[in-house]
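See structure below.
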Amino acid sequence: MTFGRLTVALSTAALLTLTACGGDPLEEDSTDSDADTSSQSSESGDSGGDDENGALTVGGQNFTEMQVMAAMYEQVLEQGGYDVTTKLVTTRDVYVDELSKGNVDVVPDYLAGMTDYLNILKNGEDAPPVSTNDPDETLAALEPLAEEQGISMLQPSQATDQNAFIVTKEYAEENDLQTLSDLGALDEPIKLAAPPDCEGRSDCEKGLTEVYDIEISEIVPLDFASAQMKDALKTGEVQLGETGTTDGSLDSLGLVLLEDDKGIQPAQNLIPAVNSDFLDENPEVADVLNELSSTLTTEDLADLNAQVDLERQQPEDVAAAYLEEKGLS
């Protein structure tokens, strides 16, 4: 998830611009998610846990992907014997503050999104990003920043929701395109549908032009991952659009991702963040969440998002089916 995603609110269905993955305009909102579920005790018989480990609050952002991830966290932790409450809000600054204070215990987040947010929190809005395309490097930069806030980061998943660029299947086939480097090699003017803040960003217009030598003749201001952006691609108004790697609608719309083969997008791997004091008292939480993280792939996330956004299934039902399929329930 990119700096745009850090400043707006990542979603596969209708993101911010971050992103993806991750952050937002930082305005407070304590509203519960429509997908939030009420607290359940393992003593009710719904949990597979043998012991009651006490209350636990899962937080995070309120968009499709995070609704599904929060539901997974809730369900696996309930099986571990916790009485779980889930509260989703609109912006990262709200839940990170609550996570730091211990009012929230666990959140699903994005590697680069959390890294650059905490970097800005410590060093100011003009601080250069410390995340990179390398997950290990980014995690190494994140861990001390998180520790200062009383937050512990667990193992990042292979699954990543990064900003990405798409074309129509027809355009890709006509021009033999698989990567952004292939697009640059066309040496043709390209109209890009993306949010206005794409201009000048190293993960967007600047990276496309300076790293990939793509001639961006115009940025048509359309929202990240929006239906309007995808329509503009299909009608030929633009050749390139911006979405996320876990956008589950692409295949049905005749759209394809071009590979970011030179790595202008920072690593936005899904990663659990836990209040450090809570983790010290409940170390088994790490085992539960790391096991879940180890199963997730980018393709899984895209499929889960599509089940909610396109098939209109409930996030908690999609989460339950996935956990059962993977032998985690």
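The values are calculated or read from the model by the stated rules, or taken from the named source; none is laboratory data. Keep in mind that this is a model prediction, so the values were computed, not measured. Reconstructed Cβ throughout: ideal geometry from the backbone, glycine too, with neighbour counts over all protein chains shown.
Screening GLY248 on (1) farther than 17 Å from GLN265 by Cα; (2) touching a Phe, Trp or Tyr at 6+ places or on another chain (Cβ under 9 Å); (3) surrounded by 19 or more Cβ atoms within 10 Å (Cβ to Cβ) shows it passes everything except condition (2). The set of residues in the stretch 71-101 that are closer than 24 Å to GLU52 by Cα, crowded, with 22+ Cβ neighbours inside 10 Å and charged (D, E, K, R) comprises GLU74, GLU78. Check whether at least one residue in the stretch 62-81 is in contact with a helix residue (DSSP H, G or I) (Cβ under 8 Å, 6 or more places away or on another chain) and part of a strand (DSSP E or B), and report yes or no. Within the stretch 62-81, none of the residues are in contact with a helix residue (DSSP H, G or I) (Cβ under 8 Å, 6 or more places away or on another chain) and part of a strand (DSSP E or B). Counting the residues of the stretch 82-125 that are of a type in the set (A, V, I, L, M, F, W, C) and part of a helix (DSSP H, G or I) gives 9.
Just to check your reading of the model, which residue among PRO156, PRO195 is crowded, with 16+ Cβ neighbours inside 10 Å, in the same structural domain as ASP136 (by TED's automatic domain parsing) and touching a helix residue (DSSP H, G or I) at 6+ places or on another chain (Cβ under 9 Å)?
PRO156
Please verify whether ILE190 is crowded, with 19+ Cβ neighbours inside 10 Å and in the same structural domain as THR235 (by TED's automatic domain parsing), treating the condition exactly as stated.
Values: crowded, with 19+ Cβ neighbours inside 10 Å: yes; in the same structural domain as THR235 (by TED's automatic domain parsing): yes.
Answer is yes for this residue.
Say we look at the stretch 131-168 and pick out the residues that are assigned to a loop (DSSP other than H, G, I, E, B) and more than 26 Å from LEU304 (Cβ to Cβ); which of these is nearest to the chain's Cα centre (by Cα)? Taking the candidates together, the pick is THR132.
Scanning the stretch 214-238 for residues that are among the acidic types (Asp, Glu) and within 21 Å of GLN162 (Cα to Cα) yields one hit, ASP223.
Listed by first and then second residue, the pairs linking a residue in the stretch 231-245 that is modelled with pLDDT of 95 or more to a residue that is assigned to a helix (DSSP H, G or I), with Cβ atoms under 6 Å apart and 6 or more places separating them unless they lie on different chains, are VAL238/ALA232; GLY241/MET229; GLY241/LEU233; THR245/THR298.
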